[in-house]
Amino acid sequence: MRIVTWGFGAMGRGIAKNVIESKFMKLVGVIDKNPEFIGKDVGELLGLGNYGVRVRDSIDVIEETNPDLVVIATSSFVKDVLPQIEYAVKNHANVITIAEEMAFPFDSHPEESFYMDSLAKRYGVTILGTGVNPGFVLDTLIIALTGVCTRVDKIVAKRINDLSPFGKTVMETQGVGTTPQQFEEGLKKGTIVGHIGFPQSIAMIARALGWNITKIEEERKPIISNVYRETPVVKVEPGMVAGCNHSAKAYVGDKCVIELYHPQQIHPHLEGVETGDYIEIYGDININLSIKPEIPGGKATIAIATNMIPIVMSAQPGLKCMADLPVPRSILSFTR
Ligand code: NAD
């Protein structure tokens with residue numbers, strides 16, 4: 001399988017490395033606009049030695065290399081990735097994107113979704129949005145767990161995670177490294193959004209369970225650091241914002257049926273916070289799942305984007321979500 005990665009940031013470079021190291025995929029092109037990477041050999045940038053593919057800031061890479069699939073890891077938003085998806089699909093390439101809004105764009109972006117679905121069907125390819133979350137922990141995994149319930153009344157889930165592995169894009173949208181005042185201003189301006197994906201995860205669960213969600217309430221609070229924290233892309237002095245405590249509640253009429261909590265910050269252990277993923281399902285049976293520590297967000301996103309490649313390649317054409325496709329599984333550990 002011939003793969004192009006579009007975006008060579010924290011996630012894109014991990015996906016590129018997985019593709020290079022897999023036995024049955026070939027990385028044929030990499031697109032990124034960052035001048036630090038342009039013109040450099042991808043293998044050299046990944047510390048793997050010369051690979052013979054250079055990072056380019058040109059969409060022509062897709063037409064020239066004719067990939068089977070393009071992995072897009074450039075942005076969180078449908079408006080940004082739509083032109084990239086459109087270009088890839090028009091060049092007959094399947095698409096996997098980790099843009100959070102693409103995990104389930106059908107309700108939040110109905111017109112764009114209809115367009116992408118029609119386009120994919122016309123060109124006989126599949127488009128999928130995935131990632132650790134949205135894409136797995138607070139939606140796909142929950143839906144899978146409901147498979148052993150006869151009746152589900154309510155879902156409560158929490159992902160307490162470490163943002164440290166993520167790149168600049170994620171830090172900016174979470175408000176990491178801002179002052180509390182800048183955080184509030186960023187929320188008002190819409191430059192700080194907290195977790196991107198609650199409406200998508202809720203809509204994916206609701207469609208799977210046949211629930212008609214009538215209202216979603218979201219709350220975003222700054223996580224103010226008491227200690228100095230630092231990652232390769234951001235520095236946080238005491239008194240500054242280390243992350244965003246974001247939650248969402250979804251209702252059917254006046255009954256709250258889904259509660260999702262997602263406090264995200266860099267280096268939570270520096271203040272004694274343990275990470276973890278917790279899912280509680282209430283119905284004819286009650287399920288209580290704890291995963292401690294959290295499923296690591298960076299590694300898991302890189303893995304699931306890679307693992308979905310063969311599944312997307314053999315899926316029916318159209319715009320899909322994770323709940324439409326076979327159960328994800330690790331592909332790089334295959335021994336035959
Ligand atoms: P990053 O900032 O480290 O990397 C983004 C890269 O894309 C950068 O190198 C940038 O130069 C490049 N880029 C952006 N726009 C481009 C364009 N138009 N053309 C070419 N290159 C372009 O971010 P990251 O940590 O790698 O994450 C990438 C995106 O994926 C973010 O929006 C992030 O929120 C999202 N994400 C989603 C999940 C999920 O679970 N669904 C998980 C992790 C990251």
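The values are calculated or read from the model by the stated rules, or taken from the named source; none is laboratory data. All figures in this text were calculated on a predicted structure; none of them were measured in a lab. Every residue, glycine as well, gets a Cβ built from its backbone with ideal geometry; the counts of neighbours run over all protein chains shown.
Given (1) acidic (Asp, Glu); (2) more than 10 Å from the ligand (Cβ to nearest atom); (3) touching a Lys or Arg at 6+ places or on another chain (Cβ under 9 Å), where does Asp32 come up short, assuming only one miss?
(2)
Considering only residues that are touching a strand residue (DSSP E or B) at 6+ places or on another chain (Cβ under 8 Å) and under 18 Å from Gln316 (Cβ atoms), which ones fall in region 107-139? Show your work before the answer.
Applying the first criterion (touching a strand residue (DSSP E or B) at 6+ places or on another chain (Cβ under 8 Å)) to region 107-139 yields 113, 116-117, 120-121, 125-130, 133, 135, 137-138.
Answer for region 107-139, where residues must be touching a strand residue (DSSP E or B) at 6+ places or on another chain (Cβ under 8 Å) and under 18 Å from Gln316 (Cβ atoms): Ser113, Met116, Asp117, Ala120, Lys121, Val125, Thr126, Ile127, Leu128, Gly129, Thr130.
For the subset of region 187-223 comprising residues that are among the basic types (Lys, Arg) and in contact with a helix residue (DSSP H, G or I) (Cβ under 8 Å, 6 or more places away or on another chain), which member is nearest to the ligand (Cβ to nearest atom)? If you could, list the steps in order and put the result at the bottom.
The first filter runs over region 187-223 and keeps only residues among the basic types (Lys, Arg), leaving 188-189, 207, 215, 220-221.
Checking which are in contact with a helix residue (DSSP H, G or I) (Cβ under 8 Å, 6 or more places away or on another chain) leaves us with 207, 220.
On the way: Arg207: 18, Arg220: 16 Å.
It comes out as Arg220.
As an exercise: evaluate Gly167 against (1) within 16 Å of the ligand (Cβ to nearest atom); (2) surrounded by fewer than 16 Cβ atoms within 10 Å (Cβ to Cβ); (3) in contact (Cβ under 8 Å) with a residue 60 or more places away in the chain; (4) not hydroxyl-bearing (Ser, Thr, Tyr) and give the number of the one condition it does not meet.
The failed condition is (2).
What is the residue count in region 107-140 for residues that are within 16 Å of the ligand (Cβ to nearest atom) and hydrophobic (A, V, I, L, M, F, W, C)?
Looking only at region 107-140, we keep the residues that are within 16 Å of the ligand (Cβ to nearest atom), and these are 108-109, 127-140.
Remaining after also requiring hydrophobic (A, V, I, L, M, F, W, C): 127-128, 132, 136-138.
Qualifying residue count, region 107-140: 6.
What do you reckon, is Val312 of a type outside the set (Phe, Trp, Tyr) and within 16 Å of the ligand (Cβ to nearest atom)? I'd like the intermediate steps shown before the answer.
On the way: of a type outside the set (Phe, Trp, Tyr): yes; within 16 Å of the ligand (Cβ to nearest atom): yes.
Yes, satisfied.
Filter region 170-179 down to the residues that are within 15 Å of His246 (Cα to Cα) and more than 11 Å from the ligand (Cβ to nearest atom) and list them by number.
Matches in region 170-179: Gly175, Val176.
I'd like to verify a number: residues in region 4-35 that are buried (at least 18 other Cβ atoms within 10 Å of the Cβ) and of a type in the set (Phe, Trp, Tyr), how many?
2
When the residues of region 291-323 are narrowed to those that are among the basic types (Lys, Arg) and farther than 12 Å from Val132 by Cβ, which ends up surrounded by the fewest Cβ atoms within 10 Å (Cβ to Cβ)?
Step one: list which residues in region 291-323 are among the basic types (Lys, Arg), which gives 292, 299, 320.
Applying the additional criterion that residues be farther than 12 Å from Val132 by Cβ yields 292, 320.
Numbers: Lys292: 10, Lys320: 20.
Once the filter is applied, the top-ranked residue is Lys292.
Can we say Lys189 is over 18 Å from the mean Cα position of the chain (by Cα), outside the structural domain of Ile85 (by TED's automatic domain parsing) and of a type in the set (Lys, Arg)?
Working: over 18 Å from the mean Cα position of the chain (by Cα): yes; outside the structural domain of Ile85 (by TED's automatic domain parsing): yes; of a type in the set (Lys, Arg): yes.
Considered against the rule, which asks whether it is over 18 Å from the mean Cα position of the chain (by Cα), outside the structural domain of Ile85 (by TED's automatic domain parsing) and of a type in the set (Lys, Arg), Lys189 comes out as yes.
Could you say whether any residue in region 147-156 is within 16 Å of the ligand (Cβ to nearest atom), more than 16 Å from Asn245 (Cβ to Cβ) and either in the same structural domain as Arg229 (by TED's automatic domain parsing) or crowded, with 20+ Cβ neighbours inside 10 Å (or both)?
Taking region 147-156 and keeping what is within 16 Å of the ligand (Cβ to nearest atom), we get none.
Checking region 147-156: not a single residue is within 16 Å of the ligand (Cβ to nearest atom), more than 16 Å from Asn245 (Cβ to Cβ) and either in the same structural domain as Arg229 (by TED's automatic domain parsing) or crowded, with 20+ Cβ neighbours inside 10 Å (or both).
Got a number for residues in region 92-105 being more than 22 Å from Thr173 (Cβ to Cβ) and of a type in the set (Phe, Trp, Tyr)?
0
Whether any residue in region 227-242 is touching a helix residue (DSSP H, G or I) at 6+ places or on another chain (Cβ under 7 Å) and either surrounded by fewer than 20 Cβ atoms within 10 Å (Cβ to Cβ) or part of a loop (DSSP other than H, G, I, E, B) (or both) is what I want to check.
yes
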